[in-house]
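So the structure is just underneath, and the comments pick up after that.
The values are calculated or read from the model by the stated rules, or taken from the named source; none is laboratory data. Since this is a predicted model, take the numbers as computed values, not measurements. Reconstructed Cβ throughout: ideal geometry from the backbone, glycine too, with neighbour counts over all protein chains shown.
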Amino acid sequence: MKSKFFVFTIGLLLLSTLSSGCWDLLEVDKRAFVSTIGIDGNKEGMIHLSAQIPLPHKMLPPGATTGGESGKQFSMINFSANSVNAALNGLQAKTYQEVVIEQTKSVVINEELARQGITAIVENFIRNSQMPPQAILFFTANHTAKEILSFSPAQEILPGLQFIQAAQLVIKSDWTYYVPLWEFGQKLVHKATDPFASLISLDQKNKMFVTAGLAVFNGDRLTGKLDMAETQYFGLLAGLMQAGGIKIDLPDHNILTLRNVRGDSKINVSKSADGAPFFLVKTEITGTLNEITDTGKELTPTYIRKLESDAEQVLQPRLVNVIKKLQGFNSDIVGFGDKLRIQHQDMWQRTEWKDLYPTVPFAVEVKLKIVRDGTLR
Amino acid sequence: MNKEALSPPTTPVNVFALLVVALLGLDFLDLPYDASSFCGPSGYWTIVISFGLMVLPLVLLAVLLQRRFPKENIISASKSALGKPLSMVGNLIFLGSYLTWITLAIRDSTTVLINCFLNRTPAWALVVLLLLGIGYIIINGLKPVLRLAAFICIPMLFFRFLMQIFALQGLKPDLLLPVFSASPVSYLKGGLATANAFFPLTTVFLIYPLNTKPQKLPIPVLWAATISLLSFFLGIVGAIGVFGAELTQRFNWSEFIAVQHIYITFLVFEQVGLLFLVIWTSLFFVAAAFLFSVVAKGLRQQFPFLNYRWTCLGLLLLVGTAVLLFPDDFISRTVFTEYRRWLVLPVTVYPLLVYIVSVIRGKRALPNEK
């Protein structure tokens with residue numbers, strides 16, 4: 001009995017050592033949650049890092065606030081250093097709270113910095129277990145990351161949340177394609193493909209963010225951009241467009257627009273006579289007829305087939321042009337290299353893909369199918 | 001301590017629960033590393049090859065040993081087959097392999113927890129907490145371990161598979177192709193390298209006499225191994241299919257990172273990785289307790305003068321000290337990655353040796369041996 005009491009007392013004493021909290025304890029009010037990280041840089045190798053920190057009391061709905069001045073829903077802190085992590089550490093000196101990146105939703109990187117190579121930046125984020133791998137990467141177009149982050153949009157929502165909410169909408173998989181950090185990292189180290197990410201810019205006049213177009217990379221260097229239309233064609237080629245809307249100027253000057261457009265491609269690699277690879281891209285597109293300016297005609301199967309055929313003739317050279325443009329950037333974001341790796345391992349192992357890709361011969365076949373016609377015959 | 005607590009009668013269902021918890025709890029979340037480094041995009045075949053190379057012969061060997069020594073585990077069977085001096089050396093190497101494995105496993109699990117969540121917590125604090133918990137479970141014999149394993153088995157399996165299926169989010173089939181991307185020699189090497197995933201299955205040589213239905217021994221063992229195979233296969237496919245063979249090789253715990261990358265809109269848990277780690281740690285806890293318990297029991301069998309509880313305490317202190325002897329994670333990881341492949345050898349070759357010698361020498365269970 002005595003020994004049990006002794007063990008019980010010792011147990012209670014030992015338990016009391018745990019009640020003071022653990023080494024990683026950090027109260028919520030002592031955390032500065034970063035929603036978006038912005039990274040700029042100069043040619044001397046300095047990194048200018050900006051962090052957007054939401055102010056929860058400014059984000060309450062009208063009526064729920066207890067007064068106080070209105071204004072931005074977030075605060076910004078900045079620090080410059082010669083590496084991303086050094087700058088992140090430096091941010092700690094700018095606030096009384098602990099800067100916490102576990103809730104970061106997006107990372108905005110300056111396009112000029114991206115042209116110098118971003119392996120070190122991406123690797124730093126992937127190595128850091130506190131950084132969410134789902135954070136979406138953006139590259140700036142014509143602005144600095146700091147400008148993007150400090151901008152207050154007309155739609156009163158935290159900018160960091162605005163980006164992520166847009167990325168969650170399947171209909172946005174059209175003008176741009178949102179790439180999370182893990183996927184960018186995967187493409188970066190995968191020898192048979194190149195990475196790409198969404199472009200972001202500002203519409204100062206209307207106080208809005210514009211996420212449209214793609215930043216395309218050759219290895220870890222940004223080498224070019226696709227505009228909104230080109231991004232759509234790339235989406236059709238790469239199977240990324242899930243519910244897009246495309247406009248087609250038909251040869252007879254009529255305009256055909258389709259909605260809920262989905263596109264996907266099958267790429268077959270064959271060996272040409274000289275042993276070099278030849279790529280045949282078969283793109284299949286489906287969509288719902290949304291608008292045809294040639295009004296008054298009944299949508300008979302023959303007429304629909306004519307529309308489809310005309311649209312195929314218009315789209316085919318555009319898809320070819322996008323591929324040629326990407327070859328010009330030496331950026332294989334469609335995944336030709338991956339198809340060569342899968343279909344002809346022997347050839348892939350003998351090939352220095354980056355040398356071959358810019359001039360590799362290819363052909364594109366487009367098959368368009370209008371699957372629905374709306375409420376009019 | 002009564003005999004039943006130390007050597008509780010174990011139904012086939014209990015055997016299944018113990019083995020499946022041990023197999024999945026001692027999975028170090030980096031099987032895709034070995035799989036992809038040997039075989040590239042089609043590294044998922046390595047674990048199937050491991051199953052064929054290790055599990056099936058192992059089950060056959062367990063059945064053969066059980067028929068020859070129905071009431072004796074490998075510790076007492078080896079005494080009959082090899083004689084006392086040789087069997088003592090063999091048994092110590094056999095049990096020592098488990099101890100080494102536990103030491104490396106505890107160090108690795110501590111490293112995962114510190115790296116991914118408890119950044120500022122010192123390693124010794126986690127090791128002490130882990131060992132105290134294990135000590136509490138095993139101090140009353142194998143029976144509490146058995147009950148705990150049976151209790152957590154189904155819910156943990158459910159959540160583990162659920163998360164592994166969710167981890168397939170964003171999977172690109174192209175990254176898993178071509179279906180055969182390596183030479184047969186590479187597949188064989190990969191299969192041997194990943195065979196250590198089935199290391200805990202070798203504990204069957206220590207527990208089969210407890211089985212209440214000896215004739216049904218292969219069923220729970222094969223079920224446990226098959227379910228683990230599915231989980232390992234899913235883990236490898238998830239990691240390579242999402243991150244590609246190249247990036248998978250750069251992660252320390254790629255299966256965990258694959259779970260961490262899950263993104264589900266409006267999900268309460270923004271980081272599913274934390275939940276996965278809680279589940280994995282629970283499995284690990286019970287799995288490690290099981291290994292400690294069978295090693296302590298095995299040592300007591302070898303040296304009858306030992307007291308089970310004091311043996312457990314000694315083992316906990318020994319392992320705790322050994323875990324903290326590693327100066328840094330780089331050394332522990334290098335040692336772990338390299339040596340766990342070789343640790344499979346003593347625990348598989350020794351039972352085979354015992355069986356072969358017993359056949360050659362015509363030895364069977366001693367009539368007076370319990």
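Within the range A:299-320, the set of residues being in contact (Cβ under 8 Å) with a residue 12 or more places away in the chain and under 20 Å from A:Ile333 (Cβ atoms) comprises A:Leu315, A:Gln316, A:Arg318, A:Leu319, A:Val320. Looking at B:Val278, B:Val359, B:Val286, B:Val335, which one is buried (at least 17 other Cβ atoms within 10 Å of the Cβ), of a type outside the set (D, E, K, R) and in a helix (DSSP H, G or I)? After applying the criteria, what remains is B:Val286.
Residues of the range B:166-194 that are surrounded by 18 or more Cβ atoms within 10 Å (Cβ to Cβ), aliphatic (A, V, I, L, M) and modelled with pLDDT of 95 or more: B:Leu175, B:Leu176.
Taking (1) touching a residue at least 40 places away in the same chain (Cβ under 8 Å); (2) part of a helix (DSSP H, G or I); (3) of a type outside the set (D, E, K, R) in turn, A:Leu240 satisfies each apart from (2).
Within the range B:151-209, the set of residues being among the hydroxyl-bearing types (Ser, Thr, Tyr) and within 16 Å of the chain's Cα centre (by Cα) comprises B:Thr194, B:Thr202, B:Thr203.
State which residue is farthest from the other protein chains (Cβ to nearest Cβ) when the search covers only the range A:95-131 and only residues that are within 19 Å of A:Pro56 (Cβ to Cβ), surrounded by fewer than 23 Cβ atoms within 10 Å (Cβ to Cβ) and of a type outside the set (Ser, Thr, Tyr).
Filtering first and then ranking leaves A:Gln97.
Before we move on, is A:Pro361 closer than 18 Å to A:Pro277 by Cα, surrounded by fewer than 17 Cβ atoms within 10 Å (Cβ to Cβ) and either of a type outside the set (S, T, N, Q) or assigned by TED's automatic domain parsing to the domain that holds A:Phe184 (or both)? Yes.
Identify, please: which residue in the range B:73-120 is within 14 Å of chain A (Cβ to nearest Cβ) and in a helix (DSSP H, G or I) and is, among those, surrounded by the most Cβ atoms within 10 Å (Cβ to Cβ)?
Among residues in the range B:73-120 that are within 14 Å of chain A (Cβ to nearest Cβ) and in a helix (DSSP H, G or I), the one surrounded by the most Cβ atoms within 10 Å (Cβ to Cβ) is B:Thr110.
Applying the criterion of at least 3 residues that are in contact with a Leu (Cβ under 6 Å, 6 or more places away or on another chain) to the helices (runs of 4 or more DSSP H) found wholly in the range A:264-377 leaves A:301-328.
Of the residues making up the range B:204-244, those that are more than 25 Å from B:Ala35 (Cβ to Cβ), of a type outside the set (S, T, N, Q) and assigned to a helix (DSSP H, G or I) number 11. Applying a threshold of 7 Å to beta carbon distances and a minimum spacing of six or more residues, or different chains, the list of pairs starting in the range B:143-162 at a residue that is crowded, with 16+ Cβ neighbours inside 10 Å and ending at one that is not in a helix (DSSP H, G or I) reads B:Lys143/B:Pro8; B:Leu146/B:Pro8; B:Leu146/B:Thr10.
Evaluate the range B:269-280: report whether one residue or more is more than 22 Å from the chain's Cα centre (by Cα) and either away from chain A (no Cβ under 11 Å) or β-branched (Val, Ile, Thr) (or both). Looking through the range B:269-280, at least one residue is more than 22 Å from the chain's Cα centre (by Cα) and either away from chain A (no Cβ under 11 Å) or β-branched (Val, Ile, Thr) (or both). Selection of the range A:318-358 for residues being of a type in the set (Lys, Arg) and either crowded, with 19+ Cβ neighbours inside 10 Å or assigned by TED's automatic domain parsing to the domain that holds A:Glu183 (or both) yields A:Lys339, A:Arg341. Meeting the requirement of 1 or more residues that are over 16 Å from the mean Cα position of the chain (by Cα) and not assigned by TED's automatic domain parsing to the domain that holds A:Phe336, the strands (runs of 3 or more DSSP E) wholly within the range A:81-199 are A:98-100. Within this structure, A:Asp203 fails the test of being away from every other protein chain (no Cβ under 11 Å), over 18 Å from A:Leu49 (Cα atoms) and touching a residue at least 12 places away in the same chain (Cβ under 8 Å). Considering A:Gly335, A:Gly296, the condition of being within 14 Å of chain B (Cβ to nearest Cβ), on the phi > 0 side of the Ramachandran plot and not acidic (Asp, Glu) is satisfied by A:Gly335 alone.
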